[in-house]
Amino acid sequence: MVMSEWDQLKLHLQEWVEEYRGTSAAGKVAEYIPELSKAEQDRLGIHLLDSRGHSISSGDAQAGFTMQSISKVFTLILALMDHGEAAVFSKVGMEPTGDHFNSIMKLELSQPGIPFNPLINAGAIVVSSKIKGENAKEKSARILSFFRELAGNPGLDYDEPVYRSESETGHLNRSMAYFLLDKGTLGCGVEEVLDIYFRQCSIKVCCEDLARMALVLAFDGTDPLSGKTLIPRRYVQIAKTFMVTCGMYNGSGEFAIGVGLPAKSGVSGGILTLVPGRYGIGVVGPALNPKGNSIAGVQLIERLSRTFDWSLF
Ligand code: GLU
């Protein structure tokens, strides 16, 4: 009898996690946000969730970590829900950069002050400044409550030490925000937008939270577990397209070829990915490869995608 994919996953996932965990030794935990440097180098965890709520968890899936850049996908969606496509894309572009996520270089090229896309830091800062709300506190509260709803977890909250650590050391992001302010791209002041941005990056999750958020994207905006439509389908389509073209920093091309799934990574080592119409997947592995993606996480996801032929291409 041929074993189902799910049964194969149940049988082998733990073994694959242990196989790739060792590759973490060749990676580097992010240090530029001092608090992130405390993460365990060889941590590797994964959580897979299907539309019936069945899940498989392996390795260090219970460990908590901050969303960092993964948050950018969902604040983009919220900004689109707040203002629509035309308004959002008048202030941020749709093209990959090929540069590092926090590069400032291209901000002055092409259209000065219009970041290339919403998943690089400059673009995400612009997007965060557009979230509706009277002040930073209200905007952050809307982001957090949207994330809680998508994750089906009312307990999601900020990791305060990570928030403070980035707020105290995020000079490069601060400089980008000043540039954007000068060019008239920001929807609010510099300290206000940075507070919103650093807070969204510091939202603490585990692999299961990411898997649940990913599942909503895998089902075009309707949470299959609650039956509720949380995001209009068009905005999920936009988000998934950015995830394919820019979700894995300047390693997005390599990831599209090796894995072929929409994904977004963060400097804490988290990766959110999905198999459309089937699974939401959350991964964590804090040791990063030179492109800034979890070194073991990428290899583990590639193994799964190759084994089960998940590539969309
Ligand atoms: N908070 C991080 C920063 O702005 C996010 C970067 C990332 O995860 O790529 O530097």
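The values are calculated or read from the model by the stated rules, or taken from the named source; none is laboratory data. The structure presented is a predicted model; accordingly, all values stated were derived computationally and were not measured. Positions of Cβ are backbone-derived with ideal geometry, glycine not excepted, and every protein chain shown enters the neighbour counts. The accessibility values were calculated without ligands, DNA or RNA, using every heavy atom of the protein model including side chains. Shrake-Rupley method; radii C 1.70, N 1.55, O 1.52, S 1.80 Å.
Annotations
- Förster radius 30 Å - calculated FRET efficiency between ASP309 and MET81, Cβ distance, rounded to 0.05: 0.35
- Spatial separation of Cα centroids for region 153-212 and region 213-227, in angstrom: 25 Å
- Listed by chain and number, the lysines placed with their C-alpha closer than 26 angstrom to that of LYS139 are LYS72, LYS91, LYS130, LYS183, LYS204, LYS228, LYS240, LYS264; residues fewer than eight positions away on the same chain are left out.
- Normalised Debye scattering of region 166-305 at q = 0.11, 0.14, 0.16, 0.19 Å⁻¹ gives log10 I(q)/I(0) of -0.47, -0.75, -0.94, -1.16, counting only Cα atoms as equal scatterers and leaving out solvent.
- Considering the chain at the alpha-carbon level, its Rg and Dmax are found to be 18.1, 66 Å.
- At q = 0.09, 0.10, 0.13, 0.21 Å⁻¹, base-10 log of I(q)/I(0) for region 105-231 (Debye sum, equal scatterers on each alpha carbon): -0.29, -0.36, -0.59, -1.19
- Calculated FRET efficiency for the pair GLN62/ALA26, C-beta based, R₀ 22 Å, to 0.05: 0.35
- Relative contact order of the chain, pairs being alpha-carbon contacts under 8 Å that are 6 or more residues apart, as %: 27 percent
- Scalar couplings 3J(HN,Hα) for region 7-18, obtained by applying the Karplus form with A = 6.51, B = -1.76, C = 1.60 to θ = phi - 60°, are 5, 5, 4, 4, 6, 10, 4, 4, 5, 5, 4, 5 Hz; x denotes Gly and Pro.
- Kirkwood-Stokes translational diffusion coefficient of region 11-85, alpha-carbon pairs, 10 °C, 1.306 mPa s, µm²/s: 105 µm²/s
- Our estimate of slack between GLU254 and ASP42, defined as 0.36 nm per intervening residue step minus the Cα-Cα distance, is 74.0 nm.
- Value in Å of the Kirkwood radius, where region 259-298 supplies the Cα pairs that are averaged: 10.2 Å
- Accessible surface of region 112-183 [probe 1.4 Å, protein heavy atoms]: carbon and sulfur percent: 52 percent
- On a per residue basis, the chain carries 39 Å² of accessible surface, using protein heavy atoms and a 1.4 Å probe.
- For region 228-275, the Stokes-Einstein estimate of translational diffusion at 10 °C and a viscosity of 1.306 mPa s comes to 142 µm²/s, using the Kirkwood hydrodynamic radius over alpha-carbon pairs.
- Largest first and in whole Å, the equivalent-ellipsoid semi-axes of region 163-243 read 31, 17, 10, each the square root of five times a Cα gyration tensor eigenvalue.
- Sorted largest first, extent of region 53-142 alpha carbons per principal axis (Å): 45, 34, 23
- A crude spin-label estimate for the pair SER90 and GLU138, with each label 7 Å from Cα along the Cβ direction, gives 2.1 nm.
- Local charge for GLU254 was computed over the other residues whose Cβ lies under 11 Å away, with Lys and Arg +1 and Asp and Glu -1, and equals 0.
- Nearest-0.05 FRET efficiency for GLN111 and ARG164, computed from C-beta distance (R0 35 Å): 0.55
- Once the Cα atoms are used to define both axes, helix 295-308 deviates from the longest principal axis of the chain by about 50 degrees.
- Of the trypsin sites (Lys or Arg not before Pro) in region 10-76, those whose Cβ has at most 11 other Cβ within 10 Å and which sit in DSSP loop: ARG52
- In this rough spin-label picture, where each label sits 7 Å from Cα along the Cβ direction, the GLN8-ASN153 distance is 2.9 nm.
- Sum of -39500 (n - 2.57) over DSSP H runs of 4+, divided by residues of the chain (222 nm, nearest 500): -14000 deg cm²/dmol
- Sequence-separation-based contact order of region 66-203, relative, with Cα cut under 8 Å and 6+ spacing, percent: 33 percent
- Sparsely packed loop sites in region 120-189 (the GluC sites (Glu not before Pro) outside DSSP H, G, I, E and B with at most 12 other Cβ atoms within 10 Å) comprise GLU134.
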